[in-house]
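The values are calculated or read from the model by the stated rules, or taken from the named source; none is laboratory data. A quick note: this is a predicted structure, and the numbers were derived from the prediction, not measured. Because the Cβ atoms are built from the backbone with ideal geometry, glycine has one as well, and the counts that use them run over all protein chains shown.
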Amino acid sequence: MSLRQIIFPAESRLFPGQRWANIGLRTLHLLGMAGLGGGYFYAAAGGAWQGFLYLTLGSGLALMLLSVWSNGIWLVQLRGQAILLKVLLLALMPVWPEQRTALLVLVILISGLIAHAPGDVRYYSLFHRRRIERL
């Protein structure tokens, strides 16, 4: 089996309970984002928001790994590339704290736009210049 076949299987991989794992991770992710929003928008003292940042990053990375494991096609679709950008923006927050609120607003805007965009947008590949669902 080639590396391409491992990363981009002909059919997406699933495991028992995957939907519930995804739901649980998304719920933790929303909790992290809510805590970040409260901490950033209302200027929480000290690093009270940092635990929420790590919850957001950890749950987001777990969701990303689950998506890539299911089918790496996610990496070349706009929905995956948007999430990679959001992870980068979140990772910049501790490094660039004076811009953390603006970075969070940008992450939320990207999230809302991509999550609710039509399939032709979410499944679009910048590399292929068209909607793709398998390689």
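Picking from 107, 87, which residue would you name as being surrounded by fewer than 18 Cβ atoms within 10 Å (Cβ to Cβ), out of contact with any strand residue (DSSP E or B) (no Cβ under 7 Å at 6 or more places or on another chain) and not small (Gly, Ala, Ser)?
Just a single option satisfies the conditions, and that option is 87.
For the stretch 87-112, enumerate the residues that are touching a helix residue (DSSP H, G or I) at 6+ places or on another chain (Cβ under 8 Å) and either modelled with pLDDT of 90 or more or not in a helix (DSSP H, G or I) (or both).
89, 92, 93, 94, 96, 99, 103, 106, 107, 108, 110, 111
Return the only residue of 129, 134 being at positive phi and not hydrophobic (A, V, I, L, M, F, W, C).
Step by step, each of 129, 134 is checked, and only 129 is at positive phi and not hydrophobic (A, V, I, L, M, F, W, C).
Tell me, which residue of the stretch 113-135 that is assigned to a helix (DSSP H, G or I) and of a type in the set (A, V, I, L, M) is farthest from residue 46 (Cα to Cα)?
121
It is to be established whether one or more residues within the stretch 50-63 are touching a residue at least 40 places away in the same chain (Cβ under 8 Å) and closer than 25 Å to residue 19 by Cβ.
There is at least one residue in the stretch 50-63 that is touching a residue at least 40 places away in the same chain (Cβ under 8 Å) and closer than 25 Å to residue 19 by Cβ.
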